[in-house]
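Participant: Can you keep this structure in mind? I'll have questions shortly.
Nothing in this text is a laboratory measurement; each read-out follows from the coordinates by a stated rule. Remember, predicted model here, so these are calculated numbers, not experimental data. Ideal geometry is used to build each Cβ from the backbone, glycine not excepted, and the neighbour counts take in all protein chains shown.
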Amino acid sequence: MSEREFDIIVWGASGFTGQLVVEYLAETYGVEGDLRWAIAGRNRNKLESVRQSCLADGQRANLPILIADSSDPQSLATLVQKTSVICTTVGPYAKYGSTLVKACVEAGTHYCDLTGEVQWMARVIPQYQKAAEASGARVVHTCGFDSVPSDMGNWYLQQLMYKRHGVYAQQVKARVGRNKGAASGGTIASILNMMEEAQSDPAVRREVANPYALYPAGIPAGQDGPDQTVAKFDEDFNQWTSPFVMAAINTRVVRRSNALLGFPWGESFRYDEATLNTSRYQATRNSVAGGIGIVALAFGPTRKLAQRFLPKPGEGPTRDQREAGYYEVFFRGINAQDRQQEITVSVSGDLDPGYGSTARMLGEAAVCLAKDHLTVGGGFWTPASALAGKYVDRLTSSAGLTFKTVDSVTP
């Protein structure tokens, strides 16, 4: 890629999560240092307000504002040619993301986002894969809470497993432990849009339900089946579990990572996710409540009613609420040939998962794409397959994530 004016442009900087990314980059990298970055959107006044609220007095004049519009392909094409990386928070991506992806692919501009929209990724990946390979554009989806802790947690576990025992885990169980935070308005909008697409299109329903929806074309599916939908007792964790709402996204991403990396964990590698509970009663209650919620969102009239009470895009918690949040996810690596050669690791974050930690994960993905020497070429990648150890280093040194081995697991 030839020298560009900027390393990173934050697209959608006036949205709630976009502002958090701007705030994080300003606090961590400044605006006159080695990282050359800018903010962009369609409304200059809103962007100016972001610059005023997120930056210190001496920084504001040095952060450029750029204008473009998702509905104007030419303006996006002009925008992406100015930068090495586009970091976008503008969703639902199925509505607003495809034109931007196309522009980045054609310009050879790297791209990262926060999408968890499996049905959209399953459409755009085959549509633009060959063009991305040709232009050198690295496209990395799912760089927030869905699915960085899952994808990088499994990657970290596998590297440690091989280092200690000379084998990779043939099966990994991810279990969500203690956590505090709320889903973002943007995430909810994406889920609702996916539900609307699924209701009107049987092909979308099949795609969303497919455990291998994000597998590269031409590769046979593995052995994993549907995600957990009921309360189950997990003997490996010695605890009751309930379904994890993000499993339908995270599991597809982790399986895609294995395929993109050339199946280091085996073609029969298995991966699943669930939530830890303190009792059978809690697991059953959470399973029933989650099932009712999914049914309600899948049905048009109740979905519209629920929208009145759910957070809207652009809405989010206060700084105090974000800083009071946290999460921890455990990963158990299983070796069926020798159960003594097993490891449990945890990935934890010191902010609420849906906003504060997500903004940091996305920001560091963009910096990693812009600044680090990566071994992969152009194409559609996952965080683990594209960013690997350099990303873990950035997440642990700057973004408040911790990766470590653990002896005990708590719900």
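Participant: Which far-off residues, 5 or more places away or on another chain, put their amide H under 5 Å from the one on Val140, with H placed in the peptide plane?
Facilitator: Tyr111, Cys112, Asp113, Trp381
Participant: If you don't mind, there's one more thing I want to ask. Pairs Lys82/Lys102; Lys173/Lys232; Lys95/Lys312; Lys130/Lys390: which are spaced more than 18 Å apart, C-alpha to C-alpha?
Facilitator: Lys130/Lys390
Participant: Next up: At 222 nm, what helix-only mean residue ellipticity would the chain give, in deg cm²/dmol to the nearest 500, using -39500 (n - 2.57) for each DSSP H run of four or more?
Facilitator: So the helix-based figure for the chain works out to -13500 deg cm²/dmol.
Participant: With r defined as the distance between the Cβ atoms of Ser71 and Ala134 and R0 fixed at 30 Å, what FRET efficiency is calculated, to the nearest 0.05?
Facilitator: My answer for the efficiency is 0.65.
Participant: Which ³J(HN,Hα) values, rounded to whole Hz and listed in residue order, are derived for region 135-145 from phi using the Karplus coefficients 6.51, -1.76 and 1.60 in 6.51 cos²θ - 1.76 cosθ + 1.60 with θ = phi - 60°, glycine and proline given as x?
Facilitator: Each residue's phi maps through the Karplus curve to give 8, x, 6, 8, 10, 10, 7, 6, 9, x, 4 Hz.
Participant: Additional query: So what does log10 I(q)/I(0) come out to for region 6-140 at q = 0.09, 0.11 Å⁻¹, using the Debye formula with one equal point on every Cα and no solvent?
Facilitator: Reported log10 I(q)/I(0), two decimals: -0.25, -0.37.
Participant: If R0 is 25 Å, what FRET efficiency do you get for His165 and Phe263 from their C-beta distance, rounded to 0.05?
Facilitator: For His165 and Phe263, the calculated efficiency is 0.85.
Participant: Moving to a separate point now. Mind checking which aspartates and glutamates have their Cα closer than 18 Å to the Cα of Lys46? Skip sequence neighbours fewer than 8 apart in that chain.
Facilitator: Glu23, Asp57, Asp69, Glu315
Participant: Under the Karplus relation 6.51 cos²θ - 1.76 cosθ + 1.60, θ = phi - 60°, what is the ordered set of whole-Hz ³J(HN,Hα) values for region 114-121, x standing for Gly and Pro?
Facilitator: For region 114-121, the Karplus curve yields 10, 5, x, 8, 4, 5, 6, 4 Hz.
Participant: Moving on. Summing +1 for each Lys or Arg and -1 for each Asp or Glu, what net charge is found among the other residues whose Cβ lies under 15 Å from the Cβ of Glu133?
Facilitator: +2
Participant: What ranking do 396-406, 96-106 get when scored by the average of other Cβ atoms within 10 Å per residue, highest first?
Facilitator: Ranked from most to least packed, the peptides come out as 96-106, 396-406.
Participant: Grab the other residues whose beta carbon is less than 10 angstrom from that of Val31, score K and R as +1, D and E as -1, and report the net.
Facilitator: Around Val31, the surrounding residues sum to +2.
Participant: Same structure, new question: Once both axes come from the Cα atoms, what is the angle between helix 358-371 and the longest principal axis of the chain, in degrees from 0 to 90, rounded to 10?
Facilitator: It is inclined by approximately 70 degrees.
Participant: Apply the Karplus curve 6.51 cos²θ - 1.76 cosθ + 1.60, θ = phi - 60°, to the phi angles in region 281-290 and return the couplings in whole Hz, x for Gly and Pro.
Facilitator: Listing the rounded values in order: 4, 5, 4, 5, 4, 5, 5, 5, 4, x Hz.
Participant: Can you give the angle from 0 to 90° between the axis of helix 98-107 and the longest principal axis of the chain, with both taken from C-alpha atoms, to the nearest 10?
Facilitator: Taking Cα atoms only, the helix is inclined about 70 degrees.
Participant: Calculate the dipole size of the chain relative to its Cα centre from +1 charges on Lys and Arg beta carbons and -1 charges on Asp and Glu beta carbons; express the result in debye to the nearest 20.
Facilitator: 560 debye
Participant: What number comes out for the charge environment of Val245, summing +1 per Lys or Arg and -1 per Asp or Glu over other residues with Cβ under 12 Å away?
Facilitator: Local charge sum for Val245: -3.
Participant: On C-alpha positions alone, give me the angle between the axis of helix 148-165 and the longest principal axis of the chain, in degrees, nearest 10.
Facilitator: Here the helix axis deviates by roughly 60 degrees.
Participant: Hey, what did the chain get for relative contact order, percent, Cα under 8 Å, at least 6 apart?
Facilitator: Relative contact order here is 22 percent.
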